[in-house]
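First up is the structure itself, then whatever we jot down about it.
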Amino acid sequence: MLTNKEMERLRTGLVLAGVAVLMAGGAQAQGLGNSPYSRIGLGEYNANTGGVRQMGMGGVGVAAPNAVNVNELNPALLFYTSRTTFEAGYNGQYKTVKNANGANRSGSGTLGYFAFSVPLNTKWGAAVGLKQVSAVDYESNIIDDVAGAPGQARSLKQNKGSGGVSEAYLGQGYRITKNFTLGFTASYVFGVIDETTGTAVQEGISTTRLINSVDRVHTRYSDFAFRTGAHYRQKIGKDLNVNLGGVYGFAHNLNGQRERTQEQQYADDGTLASAVSTLSDGRGSSYVPALAQVGVSFDNDKNWSATLDVAQQQWSKFRDFGEQRLALSNTMRLGLGGELTPDPGSVEHYFQRVSYRAGLAVAQLPYQPGGKTLYDRSVSWGFGFPLPTATPLEATTLSLGFTYGVRGNTDILNAATNTSNVQETYIRGQLGVTLNNRWFIKRRLQ
């Protein structure tokens with residue numbers, strides 16, 4: 001039986017989870033600055049790279065067990081949850097987007113994720129949470145002459161997108177043998193993506209007549225997704241352990257409702273007329289390809305760890321409501337990172353208890369213009385600051401993670417029109433708060 005105090009703590013945890021769901025739902029549509037590459041597929045896709053601890057290590061952690069943070073990246077690692085843990089992360093980003101013709105700077109912030117994990121018994125750990133899977137946030141404007149039109153007609157074409165996809169998940173990790181654990185995660189995936197293509201044509205400089213045409217695509221997604229994970233840990237020396245891990249996210253059809261509308265406006269000497277028509281409105285699905293991740297890590301079970309992860313996803317199989325609007329290619333991601341805590345038990349020197357993290361990553365982009373592969377290269381670093389008030393029963397850790405990266409290039413695609421690739425230079429930051437508390441301790445009668 002749970003005591004009244006433990007029941008109150010459990011209710012508090014459920015309330016916090018509900019508040020986080022509402023906050024994340026409100027933050028879902030917020031992007032992280034203009035990103036032309038978020039027009040691809042479902043947007044700027046987060047390929048299961050974990051939370052604030054993993055961000056500071058280059059997005060690795062498939063085979064890196066940890067008892068302080070929630071590592072839902074690999075559900076098999078939830079077995080290592082030693083205390084009830086709340087964790088939330090807030091994201092920020094500032095980026096520069098440029099091509100051969102100019103540059104644009106933008107940035108913003110949003111709630112990144114929320115997780116709540118509980119050790120159910122000595123062999124079983126579980127977690128629930130909510131995180132963003134993809135973000136769509138782009139805008140481009142092109143002014144050009146209208147070929148073949150009488151007079152000096154010019155056109156303005158605007159492409160704009162916003163929204164994203166999130167997932168609420170339940171993950172469980174279970175120890176099968178002394179060194180081997182398995183895990184499974186079930187997710188409810190949902191979100192809204194809005195895309196707009198607008199064209200405005202002015203028929204000559206001497207006239208006020210305008211013709212505006214706006215095509216809108218509104219897609220609302222909701223479906224389920226699943227992934228499984230495994231982890232093996234073996235001692236290979238007096239102070240050295242090796243960990244092997246793997247995660248497989250199953251391919252699935254992400255069902256949704258899509259509405260296409262078109263609005264046309266005509267303005268002639270102050271007279272405005274408009275017509276709105278629905279082109280299509282029906283259900284369909286986007287095929288999300290499987291994601292395979294493997295990793296290896298080494299640690300001394302005390303104060304340091306080093307991890308290498310590899311991920312692969314077959315984006316060439318992606319279909320958007322049965323269509324392949326843009327030919328995509330399979331991608332691979334390689335990440336290398338580590339963590340060092342000089343002296344976790346130090347009493348006199350606080351910074352000996354701080355965790356220092358660093359990592360490198362390189363990833364292929366699914367969009368390959370002219371058959372040439374584009375890359376996302378990044379370097380990461382981070383810190384975990386334990387509050388001095390920590391006790392064996394309760395602890396709070398503030399974590400910071402940063403990533404500086406360059407995505408794409410500005411190579412010329414067409415010399416005649418001076419069009420080029422787009423390059424993004426970004427710096428991302430994440431603030432994470434982790435609360436650990438040992439619940440459900442059995443009382444002993446004296």
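The values are calculated or read from the model by the stated rules, or taken from the named source; none is laboratory data. Just so it is clear, the structure is predicted and the values come from calculations on it, not from any experiment. No Cβ is skipped: glycine too gets one built from the backbone with ideal geometry, and neighbour counts run over all protein chains shown. Just so you know, the surface numbers come from the protein's heavy atoms only, side chains and all, with ligands and any DNA or RNA stripped out. Shrake-Rupley method; radii C 1.70, N 1.55, O 1.52, S 1.80 Å.
Tell me, what ³J(HN,Hα) does each residue in the stretch 112-117 have, in order and in whole Hz, if you take phi through Karplus 6.51 cos²θ - 1.76 cosθ + 1.60 with θ = phi - 60° and put x for Gly and Pro?
Result, rounded to whole Hz: x, 6, 9, 9, 9, 10.
Between residue 277 and residue 348, what is the label-point separation in nm under the 7 Å Cα-to-beta-carbon projection?
8.3 nm
May I ask you to give the solvent-accessible area per residue for the stretch 286-355, in square angstrom, as obtained with a 1.4 angstrom probe?
About 52 Å² of surface per residue is accessible.
Let me cross-check residue 188: its accessible surface, 1.4 Å probe, with only protein heavy atoms counted, in Å² to the nearest 10?
90 Å²
Once the whole set of protein chains is in place, how much accessible area is left on residue 242, using a 1.4 Å probe, in Å² to the nearest 10?
It works out to around 30 Å².
Hey, if we sort 235, 372 by accessible area with the 1.4 Å probe, largest down, what's the order?
Solvent-accessible surface, decreasing: 372, 235.
Between residue 334 and residue 250, 0.36 nm times their residue separation minus their Cα-Cα distance comes to what?
Gain on extension, residue 334 to residue 250, equals 28.2 nm.
Counting only heavy atoms of the protein chains, get the accessible area per residue of the stretch 45-197 (1.4 Å probe) and round it to a whole Å² value.
The answer is 39 Å² per residue.
Between residue 121 and residue 433, what FRET efficiency comes out of the Förster formula 1/(1 + (r/R0)^6) with R0 = 30 Å and r the beta carbon distance, rounded to 0.05?
0.65
Mind checking the full-extension length gain between residue 240 and residue 220? Use 0.36 nm per residue of separation minus the Cα-Cα distance, one decimal, nm.
2.3 nm
Please list 3J(HN,Hα) in residue order for the stretch 397-407, calculated via the Karplus relation 6.51 cos²θ - 1.76 cosθ + 1.60 where θ = phi - 60°; whole Hz, with x for glycine and proline.
Running phi through 6.51 cos²θ - 1.76 cosθ + 1.60 with θ = phi - 60° gives 10, 9, 10, 10, x, 9, 9, 10, x, 10, 10 Hz.
If I model a spin label as a point 7 Å beyond the Cα along the Cα-Cβ vector, how far apart are those points for residue 264 and residue 108 in nm?
Rounded to a tenth, the inter-label distance reads 3.2 nm.
Share of Cα-Cα pairs in the stretch 308-412 beyond 19 Å, in percent?
Within the stretch 308-412, distances greater than 19 Å cover 61 percent of Cα pairs.
Amide H neighbours of residue 254 under 5 Å, counting only residues 5+ apart in sequence or on other chains, H built in-plane at 1.01 Å?
286, 287, 288
For residue 188 and residue 356, what does the FRET efficiency come to when R0 = 51 Å and r is the distance between their Cβ atoms, rounded to the nearest 0.05?
After rounding to 0.05, the efficiency reads 0.90.
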